[in-house]
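Below: the structure, in C-alpha cells.
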Amino acid sequence: MSTKKKILLLTDWYEPGFKAGGPIQSCRNFVRALHDEFEISIITGDRDHGDTQPYQGIAANTWITKDNGVRIWYAGPGTLKPGPLKRLITAITPDYIYLNSMYSYHFTLLPLWLKWRKQIAAGIVIAPRGMLQAGAMQFKSGKKKLLLKLLNTSGLPGKLIFQATDSQEKEDIERYLPSAGKILVIANFPKMNSIPWSPTPKRPGELHCVFISRLAPKKNLLFLLEVLENLPDTIRLRLNLYGEIEDQRYWKKCLSAIEGLPSHITVDWKGSIPNEAVPEVLQQHHIFVLPTKGENFGHAIFESLALGRPVLISDRTPWRNLESGHTGWDLSLDRPDLFRQSIEKAASFDQEEYDHWSRSAYLYIEDFVKRSDLKKDYLKLFNQEITRLQ
C-alpha cells in the first residue's frame, strides 16, 4: 500500500488541451514535478477550451492511468453533479484537494459547497490563477463580486489554504477574501528548458515579433496594434499572432485595426498552437510581446526569456525591472509612447546588440531557476499540519 499523501487536482482543462494557455501549463508542470512525491489524481473536462467536441481517443467518465502513475478522470458535460463528484472524491480519499480556479462551477464552487456542507474532509488548497487581479476583475465584475461576497459570508475562506504566485496576488486575495485562513506565496512551476542558447539573424530596421495568448480583452492585443499605427516607416515589422479567438467582438476590433496599419507593418493570425510547438515558434522571432492587463505568472513570458528572446510586456506581471538587465521591457499601460519607443529600440538593434540582449534573457532565466527551490515550497504547501483543516 502506498504511503504517499494523496492530492486530487481539479481543473477545467488539462492535457491534451492547450487552448486555455497558462492554467493548463501550471497544472501540467505541477504534476510533472511532484508525481514522485505524491499520489496524484486529476478530475478535468473532456474537451479543450471553447471546443464542442471531446478529445479524440480519450474515454470519458472513467479513470485513465498514465505511465507516471497519475490517474485522470475526463468528465463529460453534465456528469459532475454534487452526488457523482462526492462519490469520486470519497473513493479517492484524498488528503488534499487542489483547486485551480476561482469561479468554475464544477471544478471550484461545487467542491467548495461540498466542503461547506462538511461532506468532504480533505484539506483544500485553492490557486486563484490570477482571477482576482484588477485586469481580470473588470470583466463580468458584478457576478464575480457577488460570488466572492457569498464565499466570504459562508465563512469557508478561513478553512482554506490559498496559493498566491506573487506578492500582488497575495494582496488581491487579502482584498477580496479578508477572512482567508492561510496564504502562501509560491510561484508556478515553469516548463524547464534544456535548449541551449543560439543566435538568430537580426538586421537594423527589421523586427519580428510574436504574440502567443488567447485573443481576448485581458490580453490587450488591440492596445499593441494601436501602438504600431505610429511606427516610422523606416521600420519593417512583422507581428505573428498565435492563440484561440475567445471574444469575437474584440477580435473584430483587432481586425479593423490590423487593416488600418501602414504597409511597412505586417500582422498575421496563425491560429492556436499546441504547447510543444511554442519553443520552435519563439525561436523564429526576435521578441515576444504581451501588453496584458494582468498575469499571475505568464508561462509564455518565461519560455520566451528561457529561449533568449527578450519580451515587451506590461508591468502587470511578476516579471519586473527587465530593461535594467537587458532582458526586455515591462511598461505601464498608461504610457503607449514607451511601448512604441521600446519597439523602435529593438528594431534598431544590429546583430551584436541583439545577441547581447538575447543572451542576457537566457542567463536571467538560468539564474532564476538556480535560485528557485519550488519543490521544497510545494512540499511545505501540501503538508498535513497546515492544510488539513476541519
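The values are calculated or read from the model by the stated rules, or taken from the named source; none is laboratory data. Please read these numbers as outputs of a predicted model, since none were measured by experiment. Here the Cβ is made from the backbone with ideal geometry for all residues, glycine too, and neighbour counts use every protein chain on show.
Numerical summary
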read-out	value
Lone unmet requirement of (1) surrounded by 17 or more Cβ atoms within 10 Å (Cβ to Cβ); (2) at pLDDT 90 or above; (3) of a type outside the set (D, E, K, R) for Met137	(2)
Matching option when the condition is within 28 Å of Ala164 (Cβ to Cβ), touching a residue at least 12 places away in the same chain (Cβ under 8 Å), surrounded by fewer than 20 Cβ atoms within 10 Å (Cβ to Cβ) and hydrophobic (A, V, I, L, M, F, W, C), among Ile92, Ile97	Ile92
Residue in the stretch 263-295 that is surrounded by the fewest Cβ atoms within 10 Å (Cβ to Cβ), counting only those that are among the β-branched types (Val, Ile, Thr) and within 17 Å of Leu307 (Cα to Cα)	Val281
Test for Ile287: is it over 20 Å from the mean Cα position of the chain (by Cα), at pLDDT 95 or above and in the same structural domain as Ser213 (by TED's automatic domain parsing)	no
Residue match in the stretch 268-291 (condition: part of a helix (DSSP H, G or I), over 27 Å from Ala134 (Cα atoms) and in contact with a Ser or Thr (Cβ under 8 Å, 6 or more places away or on another chain))	yes
Those residues of the stretch 17-39 which are part of a loop (DSSP other than H, G, I, E, B), surrounded by fewer than 20 Cβ atoms within 10 Å (Cβ to Cβ) and over 16 Å from the mean Cα position of the chain (by Cα), in sequence order	His35, Asp36, Glu37
Whichever residue in the stretch 367-381 is within 21 Å of the chain's Cα centre (by Cα), touching a residue at least 40 places away in the same chain (Cβ under 8 Å) and part of a helix (DSSP H, G or I) and, among such residues, is nearest to Gly123 (Cα to Cα)	Leu381
Residue match in the stretch 24-37 (condition: more than 28 Å from Glu246 (Cβ to Cβ), out of contact with any helix residue (DSSP H, G or I) (no Cβ under 8 Å at 6 or more places or on another chain), modelled with pLDDT of 95 or more and assigned by TED's automatic domain parsing to the domain that holds Ala122)	no
Qualifying residue in the stretch 263-278 (condition: over 20 Å from the mean Cα position of the chain (by Cα) and either at pLDDT below 95 or among the polar types (S, T, N, Q) (or both))	yes
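Residue-by-condition table, conditions (1) part of a helix (DSSP H, G or I); (2) under 28 Å from Ser167 (Cα atoms); (3) not hydrophobic (A, V, I, L, M, F, W, C):
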position: Tyr55; (1), (2), (3): no, no, yes
position: Leu112; (1), (2), (3): yes, yes, no
position: Leu150; (1), (2), (3): yes, yes, no
position: Thr153; (1), (2), (3): yes, yes, yes
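This table checks each residue for (1) out of contact with any helix residue (DSSP H, G or I) (no Cβ under 6 Å at 6 or more places or on another chain); (2) of a type in the set (S, T, N, Q); (3) closer than 23 Å to Gln168 by Cβ.
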{"position": "Gln284", "(1), (2), (3)": "yes, yes, no"}
{"position": "Phe288", "(1), (2), (3)": "no, no, yes"}
{"position": "Arg309", "(1), (2), (3)": "no, no, no"}
{"position": "Gly328", "(1), (2), (3)": "yes, no, yes"}
{"position": "Arg340", "(1), (2), (3)": "no, no, no"}
{"position": "Ala347", "(1), (2), (3)": "yes, no, no"}
{"position": "Asp367", "(1), (2), (3)": "yes, no, yes"}
{"position": "Leu374", "(1), (2), (3)": "yes, no, yes"}
